[in-house]
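The structure under discussion appears below in the form of structure tokens.
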Amino acid sequence: MIDWKEINLGPRATIVAEVIAFVEDGPLLAPPALGEHPGIPVTDLAEATRLAWHEVYGAAELSWADIREWQAQPMPAAAYRLKWFHQPDGGFSRLLEAFFEHAGRRVPPPYVSLVEDISSDLYWVAQARALLSEAHPFVERIFEIYKAGGWPCGWGGASEALVIPPSRASDGPDEWRKTCPEGRLLAFYPVS
């Protein structure tokens with residue numbers, strides 16, 4: 001169990017705790033219930049890992065890592081402004097290690113190669129919830145896929161939606177809202 005009560009989760013601790021509770025008890029890579037699943041489903045693990053780790057998307061030839069990094073842009077600026085986030089014992093960043101250890105124990109054996117991605121994504125969700133004044137739509141879509149038993153593994157949107165605008169530091173930390181790409185996430189779902 002993650003002893004998150006020792007970590008200062010900031011003023012939005014309640015919504016960060018939802019992510020922690022999911023890491024502890026949520027359906028990590030579980031066959032989804034009948035019905036609709038968030039994202040465009042991918043059921044072949046080899047195809048999902050190819051999409052996540054080797055595919056490029058759009059005219060800008062962005063990898064899945066590039067797309068996530070682009071969407072994470074508001075986090076460093078927000079972290080810099082919030083004194084509670086900078087704790088001498090590593091504080092909030094200790095969640096990443098705890099998520100990695102916990103996910104490593106909970107992810108089914110065929111999917112252990114995904115533990116690092118899963119841990120990083122869920123830490124990113126917790127971090128966005130802790131740092132940003134409003135919900136980050138892209139990050140929340142990622143969390144919805146995890147809560148449905150999936151693993152976000154790529155992008156299924158129009159290629160013109162994936163053009164990263166030039167850096168505009170003067171726009172402020174919420175500029176990502178104007179550049180969030182249109183489309184849907186690709187999501188690996190295990191079959192039962």
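Observations
- Counted residues, segment 57-94 - those being at pLDDT 75 or above, touching a Leu at 6+ places or on another chain (Cβ under 8 Å) and farther than 24 Å from Tyr111 by Cβ: 2
- Selection from segment 117-152 of residues that are part of a loop (DSSP other than H, G, I, E, B) and touching a Leu at 6+ places or on another chain (Cβ under 9 Å): Gly149, Gly150
Listed here are the residues, each with its yes/no results for (1) modelled with pLDDT of 90 or more; (2) surrounded by 23 or more Cβ atoms within 10 Å (Cβ to Cβ).
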{"residue": "Gln127", "(1), (2)": "no, yes"}
{"residue": "Leu132", "(1), (2)": "no, no"}
{"residue": "Ala135", "(1), (2)": "no, no"}
{"residue": "Trp151", "(1), (2)": "yes, yes"}
{"residue": "Glu160", "(1), (2)": "no, no"}
{"residue": "Pro173", "(1), (2)": "no, no"}
{"residue": "Lys178", "(1), (2)": "no, no"}
{"residue": "Pro181", "(1), (2)": "no, no"}
{"residue": "Val191", "(1), (2)": "no, no"}
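- The residue that is farthest from Tyr189 (Cα to Cα), counting only those in segment 1-34 that are modelled with pLDDT of 70 or more and among the β-branched types (Val, Ile, Thr), is Ile7.
The values are calculated or read from the model by the stated rules, or taken from the named source; none is laboratory data. For clarity, every value in this text was computed on a predicted model and none was experimentally measured. Reconstructed Cβ throughout: ideal geometry from the backbone, glycine too, with neighbour counts over all protein chains shown.
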